[in-house]
């Protein structure tokens, strides 16, 4: 059971062009493409005629043509042409989903179409202000775990010092003992962590010169489907916690968490920074470091998921660091319950 | 006959903000001090009677503190459990305002 009425990351802008991209989201096989005129399309990846995946076909101008018998569908899902006849049966349409581009990301709405308001799409200015921030190229890592395990991972950062010793970790204890505050709202959770006066971790030292100890922070902002993490360090005692950060190594992580199916997640990630702007060697360094860190997460999450699936009746003991993750799960449960109570809507093409 | 109370100053009233409990240790006891309105202050054991989570890390709603982990709720004024996860109330400690100084008794 998935939360449907929320915007999820479907793809990076760079992933979707005229070549159809097959992707499964919320257990549904979709085809994503961009028409010659620039329209974005997310259609069910199933020709209505005989069920052939449309992603095996080709985009031609404003339509996608099925590989099998040549039916053509517009970005709206309407069948524009059925070869061999002039009249198109009313049932010949495929489901289409709103797909909106914002900040170099393609966002999809899988729920009640009338509620798909693009104003609700999370902003991520760090992708769109090259004079102030330099992002790494967005990557997508498929992880064989339920999406909520990835939420848990990013909302309990006491794991960082242990699982990610080699990159962003630093000292295990300093992560486990960071000062933490969790706040919540109707649809969101924020987790603020501080680690004052600690050694900079390897990833920071590779690309930035600190004078000695640093004041570190991680500020995690979660809404269903998207987590933004602001983290970094300033030389100790130079205003890291003052409300205005000047200089230092400041990072802004984009974490798109999209359920692929019940036990598979599409994890979209980029890392933006406020220093050494445009320096491609630094961007590449961070990109490589990211691949290692995310690889560590993927590997661990898949092992955890396997064990948890084997032991569905076995419980869990919650610790202090689990607060934010628990609050996020409560919100997801509440939102899913609210959706279940709303009347069902008929699927229709536009 | 009860043991005599030891009073300790824990804060000035103007240091306490409604909605932001002050967590502290008095001897071996973990206590959280809550302000309600202008001059009402309460002190509760800061350990949830369910699975020992830190209550002051939780959420305040309708003059009750909700445990951050399993949503047990306790009335801030009385320490009484709302019956979620646990029926065991949290201990309360007497509070005195002496001028603008807040004293808690243990």
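The values are calculated or read from the model by the stated rules, or taken from the named source; none is laboratory data. Everything numeric in this text was worked out from a predicted model, so none of it was measured. Here the Cβ positions follow ideal geometry from the backbone for every residue, glycine too, while neighbour counts run over all protein chains shown.
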*asked:* Just to verify a result, which residue in the stretch B:47-79, among those that are touching a residue at least 40 places away in the same chain (Cβ under 8 Å), touching a helix residue (DSSP H, G or I) at 6+ places or on another chain (Cβ under 8 Å) and surrounded by 20 or more Cβ atoms within 10 Å (Cβ to Cβ), is nearest to the other protein chains (Cβ to nearest Cβ)?
replied: B:48
*Determine which single condition residue B:25 fails, assuming it passes every other condition in (1) surrounded by 15 or more Cβ atoms within 10 Å (Cβ to Cβ); (2) assigned to a strand (DSSP E or B).*
(1)
*Test result for residue A:215, surrounded by fewer than 23 Cβ atoms within 10 Å (Cβ to Cβ) and over 24 Å from residue A:296 (Cα atoms)*: yes
_Kindly evaluate residue B:12 against the criterion of being within 14 Å of chain A (Cβ to nearest Cβ) and over 22 Å from residue A:324 (Cα atoms)._
no
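Looking at the structure I just gave you, is residue A:295 within 14 Å of chain B (Cβ to nearest Cβ), touching a strand residue (DSSP E or B) at 6+ places or on another chain (Cβ under 9 Å) and in a helix (DSSP H, G or I)? Explain how you work it out, then say what you get.
On the way: within 14 Å of chain B (Cβ to nearest Cβ): no; touching a strand residue (DSSP E or B) at 6+ places or on another chain (Cβ under 9 Å): yes; in a helix (DSSP H, G or I): yes.
Against the criterion (within 14 Å of chain B (Cβ to nearest Cβ), touching a strand residue (DSSP E or B) at 6+ places or on another chain (Cβ under 9 Å) and in a helix (DSSP H, G or I)), residue A:295 does not qualify.
Given A:172, A:243, A:239, A:212, which one is more than 14 Å from every other protein chain (Cβ to nearest Cβ), farther than 27 Å from residue A:295 by Cβ and at pLDDT below 90? Walk me through it before giving the result.
On the way: A:172 fails: farther than 27 Å from residue A:295 by Cβ; A:239 fails: at pLDDT below 90; A:212 fails: at pLDDT below 90.
After applying the criteria, what remains is A:243.
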*Limited to the stretch A:292-319, what total is found for residues that are touching a residue at least 24 places away in the same chain (Cβ under 8 Å) and touching a helix residue (DSSP H, G or I) at 6+ places or on another chain (Cβ under 7 Å)?*
8
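Just the residues that are within 14 Å of chain A (Cβ to nearest Cβ) and either surrounded by fewer than 16 Cβ atoms within 10 Å (Cβ to Cβ) or in contact with a helix residue (DSSP H, G or I) (Cβ under 8 Å, 6 or more places away or on another chain) (or both), please, taken from the stretch B:80-106.
Taking the stretch B:80-106 and keeping what is within 14 Å of chain A (Cβ to nearest Cβ), we get B:84-85.
Selection gives B:84 alone.
Is there a residue in the stretch A:305-322 that is under 21 Å from the mean Cα position of the chain (by Cα) and under 30 Å from residue B:68 (Cα atoms)? Step through it out loud before you land on a result.
First, pick out the residues of the stretch A:305-322 that are under 21 Å from the mean Cα position of the chain (by Cα): A:305, A:322.
Add one more test, that the residue is under 30 Å from residue B:68 (Cα atoms), and what stays is A:305, A:322.
Yes; the residues of the stretch A:305-322 include at least one that is under 21 Å from the mean Cα position of the chain (by Cα) and under 30 Å from residue B:68 (Cα atoms).
Please indicate, with yes or no, whether at least one residue in the stretch B:32-46 is within 26 Å of residue A:328 (Cβ to Cβ), in a loop (DSSP other than H, G, I, E, B) and under 15 Å from the mean Cα position of the chain (by Cα).
Of the stretch B:32-46, the ones within 26 Å of residue A:328 (Cβ to Cβ) are B:32, B:34, B:46.
Then drop every residue that is not in a loop (DSSP other than H, G, I, E, B), which leaves B:46.
Checking the rest, the ones that are also under 15 Å from the mean Cα position of the chain (by Cα) come to B:46.
Taking every residue of the stretch B:32-46 in turn, at least one turns out to be within 26 Å of residue A:328 (Cβ to Cβ), in a loop (DSSP other than H, G, I, E, B) and under 15 Å from the mean Cα position of the chain (by Cα).
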*Kindly indicate which of A:221, A:183 is under 30 Å from residue A:334 (Cα atoms) and surrounded by fewer than 15 Cβ atoms within 10 Å (Cβ to Cβ).*
A:183
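Check whether at least one residue in the stretch A:274-289 is without any contact (Cβ under 8 Å) to a residue 12 or more places away in the chain, away from chain B (no Cβ under 14 Å), assigned to a loop (DSSP other than H, G, I, E, B) and surrounded by fewer than 18 Cβ atoms within 10 Å (Cβ to Cβ), and report yes or no. Explain how you work it out, then say what you get.
The first filter runs over the stretch A:274-289 and keeps only residues without any contact (Cβ under 8 Å) to a residue 12 or more places away in the chain, leaving A:280-281, A:284, A:288.
Those left that are additionally away from chain B (no Cβ under 14 Å): A:280-281, A:284, A:288.
From what is left, the residues that are assigned to a loop (DSSP other than H, G, I, E, B) are none.
No, because not a single residue in the stretch A:274-289 is without any contact (Cβ under 8 Å) to a residue 12 or more places away in the chain, away from chain B (no Cβ under 14 Å), assigned to a loop (DSSP other than H, G, I, E, B) and surrounded by fewer than 18 Cβ atoms within 10 Å (Cβ to Cβ).
Kindly state which strands (runs of 3 or more DSSP E) lie completely within the stretch A:38-157 and contain at least 2 residues that are at pLDDT 95 or above and surrounded by 20 or more Cβ atoms within 10 Å (Cβ to Cβ). Give the steps one after another, and end with the answer.
Working: elements: A:40-44, A:58-60, A:63-65, A:72-74, A:79-81, A:99-102, A:105-109, A:139-143.
The qualifying strands (runs of 3 or more DSSP E) are A:40-44, A:63-65, A:72-74, A:105-109.
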*Could you count how many residues in the stretch A:316-350 are at pLDDT 95 or above and within 14 Å of chain B (Cβ to nearest Cβ)?*
16
*asked:* Taking the condition of being within 14 Å of chain B (Cβ to nearest Cβ), touching a strand residue (DSSP E or B) at 6+ places or on another chain (Cβ under 7 Å) and either in contact (Cβ under 8 Å) with a residue 60 or more places away in the chain or in a loop (DSSP other than H, G, I, E, B) (or both), how many residues in the stretch A:177-189 meet it?
replied: 6
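Checking the conditions here, which among A:204, A:162 is without any contact (Cβ under 8 Å) to a residue 40 or more places away in the chain, on the phi < 0 side of the Ramachandran plot, in contact with a helix residue (DSSP H, G or I) (Cβ under 9 Å, 6 or more places away or on another chain) and in a helix (DSSP H, G or I)?
On the way: A:204 fails: without any contact (Cβ under 8 Å) to a residue 40 or more places away in the chain.
Going through A:204, A:162 in turn, the sole match is A:162.
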